[in-house]
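Undergrad: Following this message is one structure expressed as structure tokens.
The values are calculated or read from the model by the stated rules, or taken from the named source; none is laboratory data. Everything quoted here is computed from the prediction, not taken from an experiment. Heads up, the Cβs are rebuilt from the backbone with ideal geometry, glycines too, and the neighbour counts pull from every protein chain shown.
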Amino acid sequence: MIGNGSWAATSGSTFTINNLAPNTSYSVKLKVRRSDSGLETTSGAITVKTKPIASISNSSLSFDIGGDLELTLANYALNASTFKFNVERDDGTWTTSLLEASSDQNIPGITLPLSGITDALYSCCATKNEMNFKISCGTTINGTFYENISYGTARVTDSDPVFTDYSHGNTDTATSSVLQNAAYLIQNYGNMQAQISAANRAVPKNHAAVTEYIVEVTDSKDEVKKQLNAEYSDSEVLINLGTLSEPGDYNIRIYARDSRGNISGTVTKTFYVLPYSRPASKVALARINEFEKEITIDFSSVYSRLKIGTASKNNAFAVKYRYAEVGTSYESTYTTITGITSADIPGSPNELKATYLKDSGDDPFITLDIEKSYNFEFVVSDRITTTTETTMVDKGIPIFMPCDNGKVTVGMLPDFDSSADFQVGTDIMATDSDGTQRLILDEIKKTNTDLDNKFNELNHNLPTTIIISGDGSGYGNVDTKIDSKNYTVIAAKKDGMVAIPYVSSNSLTWIIKIRTVTDFSVVTGKVDNIEVTYIPKL
């Protein structure tokens, strides 16, 4: 009996036990029966171990795809061996019968010719740089195949994608037409584009697939200013990088990444960003002597040179203007200023200064009515941008103007219809006896205000006389309706009668008693034309 199995019948003193696994320990018992008496006896259990078959004895199993794998064997003296090599695919499944080899009995090692299936191996790991493999080392005994399985790692090598070139240039039409050099941008303007043609596209190796391009823009300090990923395509790939806010030298660095995460070499291209600022302009308009019709102009503007080599590309500077009387709209047309000159600015090699000056009454910028104010709009343009400046020319108001007719004006145009010989357009400041400076018109206004207030106060306190009527039904009493809280009745009169004003304890208004003159009796009939005089209470 083997282990706790069933008893197996046999005869003779020598017999064979079949179907035992190699290199395995078994517990064996024997039971003996006498043929004449049928008596039985059972032996104690003994332990036996089967002999091993060959197995792989390498301390670790790994190899680089593209090479062969040398195996050393243990227990190789007892049997010939069959080797089966398979790998785990990207999806987790295993190949079957990828490679088979064999070795004869008593051979201590074997080299598996895996270099012959290099392409098949790479195809199984298109998304990984390592994959698992297993090797079966086995033999067939009495029709049954027994095996020892060992596991290891296959490594991807020399499989980085290949990427070597691309084009680049400024694709913004407006700025590229000015610069005439695709390797240049203008600060805050333009679009630098990297162009990977189909012919220059990255090429994967060993069954990988290129997935994307990684793009960096770095400055002269190697600091990354922009970074983006562009999806791979078999056709042309256009990568827009825009512009930058700082002038200087920049590099475009692009490399490809494949499905295994491997990257190509980096291809670097250089471009340049020229310093640029919108024109900074100043416009000063003035009347000759501050009041005459002749207008002077002092215009200046600092603008960028856009210098490539020795050539200044920003070479079209223009100014135009229009004007309108204050309170009216501008016309739609402009007048272009000619004669503007540009010159270098010491210490500013990247800028020019444009100037235009007309400061003579003999050759003014323009002539305008001295009695009107005007708004001006100046449009300043270089080859990149346009700015607008606005200013105003006020009426022609002289500070001091003696006239031929004897009139003298200060701060105003003369009013020839006025009889005043001394005409002033503003208030006049004078110093009083205390040394205090005062504005004469302001002081007059304050005095008039005080007088008006005093008059209103006095007028408010003057007596007021009204005429009332009543029927005398309340014992000859006529209600005046005059508020007794705020007013005092100082007199009451009725021709041919006696009129007496008073305030009763339960009344809020003044009451007039009407009595006869003869005996002071109550007049109860209707009484008209009672004259009542009252004043406000202080």
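Undergrad: Take segment 292-335 and flag every residue that is of a type in the set (Phe, Trp, Tyr) and closer than 17 Å to Thr391 by Cα. Lay out the reasoning, then the answer.
TA: As a first pass, look at segment 292-335 and keep what is of a type in the set (Phe, Trp, Tyr): 299, 303, 317, 321, 323, 330, 334.
Once the filter is applied, which keeps residues that are of a type in the set (Phe, Trp, Tyr) and closer than 17 Å to Thr391 by Cα, segment 292-335 yields Phe299, Tyr321, Tyr323, Tyr330, Tyr334.
Undergrad: Only one of these conditions is not met by Thr111: (1) surrounded by 15 or more Cβ atoms within 10 Å (Cβ to Cβ); (2) more than 30 Å from Met1 (Cα to Cα); (3) polar (S, T, N, Q). Which number is it?
TA: Unmet for Thr111, out of (1) surrounded by 15 or more Cβ atoms within 10 Å (Cβ to Cβ); (2) more than 30 Å from Met1 (Cα to Cα); (3) polar (S, T, N, Q): (1).
Undergrad: Right, here's the next one. Here are the criteria: (1) over 30 Å from Arg515 (Cα atoms); (2) over 60 Å from the mean Cα position of the chain (by Cα); (3) not in a strand (DSSP E or B). Tell me which single one Leu441 does not satisfy.
TA: Failed condition: (2).
Undergrad: Where the second residue is of a type in the set (A, V, I, L, M) and part of a loop (DSSP other than H, G, I, E, B) and the first is farther than 30 Å from Gly248 by Cα and in the same structural domain as Val302 (by TED's automatic domain parsing) and lies in segment 341-364, which pairs have Cβ atoms under 7 Å and are six or more apart or on separate chains?
TA: Taking only residues 6 or more apart or on different chains, the pairs are Tyr356/Ile337; Tyr356/Ile340.
Undergrad: Does segment 38-61 include one or more residues that are aliphatic (A, V, I, L, M) and modelled with pLDDT of 95 or more? Break it down stepwise before answering.
TA: Step one: list which residues in segment 38-61 are aliphatic (A, V, I, L, M), which gives 39, 45-46, 48, 53-54, 56, 61.
Next, only the ones that are modelled with pLDDT of 95 or more stay: 56, 61.
The answer is yes, given that some residue of segment 38-61 is aliphatic (A, V, I, L, M) and modelled with pLDDT of 95 or more.
Undergrad: Go through segment 190-215 and give me each residue that's surrounded by fewer than 21 Cβ atoms within 10 Å (Cβ to Cβ) and either assigned by TED's automatic domain parsing to the domain that holds Asn350 or under 25 Å from the mean Cα position of the chain (by Cα) (or both).
TA: Once the filter is applied, which keeps residues that are surrounded by fewer than 21 Cβ atoms within 10 Å (Cβ to Cβ) and either assigned by TED's automatic domain parsing to the domain that holds Asn350 or under 25 Å from the mean Cα position of the chain (by Cα) (or both), segment 190-215 yields Asn191, Gln193, Ile214, Val215.
Undergrad: Name the one entry in Arg278, Arg287 that is over 32 Å from the mean Cα position of the chain (by Cα) and of a type in the set (D, E, K, R).
TA: Numbers: Arg278 fails: over 32 Å from the mean Cα position of the chain (by Cα).
Among Arg278, Arg287, only Arg287 is over 32 Å from the mean Cα position of the chain (by Cα) and of a type in the set (D, E, K, R).
Undergrad: Give me the residue from segment 397-432 that is β-branched (Val, Ile, Thr) and more than 59 Å from the chain's Cα centre (by Cα) and, out of that set, nearest to Ile444 (Cα to Cα). Can you show your working first?
TA: Within segment 397-432, the subset β-branched (Val, Ile, Thr) is 397, 399, 408-410, 424, 426, 428, 431.
Then keep just the ones that are more than 59 Å from the chain's Cα centre (by Cα); that gives 408-409, 431.
Numbers: Val408: 23, Thr409: 21, Thr431: 15 Å.
Filtering segment 397-432 for residues that are β-branched (Val, Ile, Thr) and more than 59 Å from the chain's Cα centre (by Cα), the one nearest to Ile444 (Cα to Cα) comes out as Thr431.
Undergrad: Which condition breaks for Lys51 when tested against (1) among the basic types (Lys, Arg); (2) more than 26 Å from Cys124 (Cα to Cα); (3) part of a strand (DSSP E or B)?
TA: If we test Lys51 against (1) among the basic types (Lys, Arg); (2) more than 26 Å from Cys124 (Cα to Cα); (3) part of a strand (DSSP E or B), just (3) comes out false.
Undergrad: A further question follows. Could you tell me which residue of segment 374-403 is modelled with the highest pLDDT, considering only residues that are farther than 23 Å from Ser342 by Cα and surrounded by fewer than 16 Cβ atoms within 10 Å (Cβ to Cβ)?
TA: Among those residues, the one meeting the criterion is Met392.
Undergrad: Let me ask something else about it. I'm checking my understanding of the structure. Among residues of segment 255-276 that are outside any strand (DSSP E or B) and among the hydroxyl-bearing types (Ser, Thr, Tyr), which one is surrounded by the fewest Cβ atoms within 10 Å (Cβ to Cβ)?
TA: We begin by selecting, within segment 255-276, every residue outside any strand (DSSP E or B); these are 259-262, 264-266, 275-276.
Now drop any that are not among the hydroxyl-bearing types (Ser, Thr, Tyr), which leaves 259, 264, 266, 276.
Details: Ser259: 17, Ser264: 22, Thr266: 13, Tyr276: 24.
The extreme case among them is Thr266.
Undergrad: How about segment 282-319: which of its residues are among the basic types (Lys, Arg), outside any loop (DSSP other than H, G, I, E, B) and surrounded by 15 or more Cβ atoms within 10 Å (Cβ to Cβ)? Before the answer, list the steps.
TA: Filtering segment 282-319 for residues among the basic types (Lys, Arg) gives 282, 287, 293, 305, 307, 313.
With outside any loop (DSSP other than H, G, I, E, B) added as a condition, the list becomes 282, 287, 307.
Result: Arg287, Lys307.
Undergrad: What are the residues in segment 474-497 that are of a type in the set (Gly, Ala, Ser) and under 12 Å from Ile511 (Cα atoms), if any?
TA: Restricting attention to segment 474-497, the residues satisfying the condition of being of a type in the set (Gly, Ala, Ser) are 474, 476, 484, 491-492, 496.
Residues satisfying the conditions are Gly474, Gly476, Ser484, Ala491, Ala492.
Undergrad: Considering segment 509-529 alone, what residues qualify as being among the hydrophobic types (A, V, I, L, M, F, W, C) and surrounded by 11 or more Cβ atoms within 10 Å (Cβ to Cβ)?
TA: Taking segment 509-529 as the starting set, the residues that turn out to be among the hydrophobic types (A, V, I, L, M, F, W, C) are 510-512, 514, 517, 520, 522-523, 527.
Correct list: Trp510, Ile511, Ile512, Ile514, Val522, Val523, Val527.
Undergrad: Considering only segment 86-101, state which residues are of a type in the set (Gly, Ala, Ser) and either surrounded by fewer than 12 Cβ atoms within 10 Å (Cβ to Cβ) or touching a residue at least 60 places away in the same chain (Cβ under 8 Å) (or both).
TA: Restricting attention to segment 86-101, the residues satisfying the condition of being of a type in the set (Gly, Ala, Ser) are 92, 97, 101.
Once the filter is applied, which keeps residues that are of a type in the set (Gly, Ala, Ser) and either surrounded by fewer than 12 Cβ atoms within 10 Å (Cβ to Cβ) or touching a residue at least 60 places away in the same chain (Cβ under 8 Å) (or both), segment 86-101 yields Gly92, Ser97.
Undergrad: Then there's this: Of the residues that make up segment 27-44, is at least one under 20 Å from Cys137 (Cβ atoms) and not assigned by TED's automatic domain parsing to the domain that holds Gly109?
TA: No: zero hits.
Undergrad: Also, quick follow-up: Does segment 329-364 hold any residues that are among the acidic types (Asp, Glu), exposed (fewer than 14 other Cβ atoms within 10 Å of the Cβ) and within 20 Å of Tyr276 (Cβ to Cβ), and which are they?
TA: Within segment 329-364, Asp344 is the sole residue that qualifies.
Undergrad: Suppose we keep only residues that are in contact with a Lys or Arg (Cβ under 9 Å, 6 or more places away or on another chain) and aromatic (Phe, Trp, Tyr) within segment 184-218. Which one would you say is nearest to Pro279 (Cα to Cα)?
TA: Tyr184
Undergrad: Return the residue satisfying two criteria in turn: it lies in segment 108-167 and is assigned to a loop (DSSP other than H, G, I, E, B) and of a type in the set (D, E, K, R), and of such residues it is farthest from Phe83 (Cα to Cα). Walk me through it before giving the result.
TA: First pass over segment 108-167, keeping only residues assigned to a loop (DSSP other than H, G, I, E, B): 108, 113, 124-129, 142-143, 156-161, 163-166.
Okay, now just the ones that are also of a type in the set (D, E, K, R), so 128, 158, 160, 165.
Details: Lys128: 25, Asp158: 28, Asp160: 32, Asp165: 47 Å.
Only one residue fits best here, namely Asp165.
Undergrad: Does Thr50 count as under 30 Å from Ala9 (Cβ atoms), surrounded by 13 or more Cβ atoms within 10 Å (Cβ to Cβ) and of a type in the set (S, T, N, Q)? Talk me through it step by step, then tell me what you get.
TA: Working: under 30 Å from Ala9 (Cβ atoms): yes; surrounded by 13 or more Cβ atoms within 10 Å (Cβ to Cβ): yes; of a type in the set (S, T, N, Q): yes.
Yes, satisfied.
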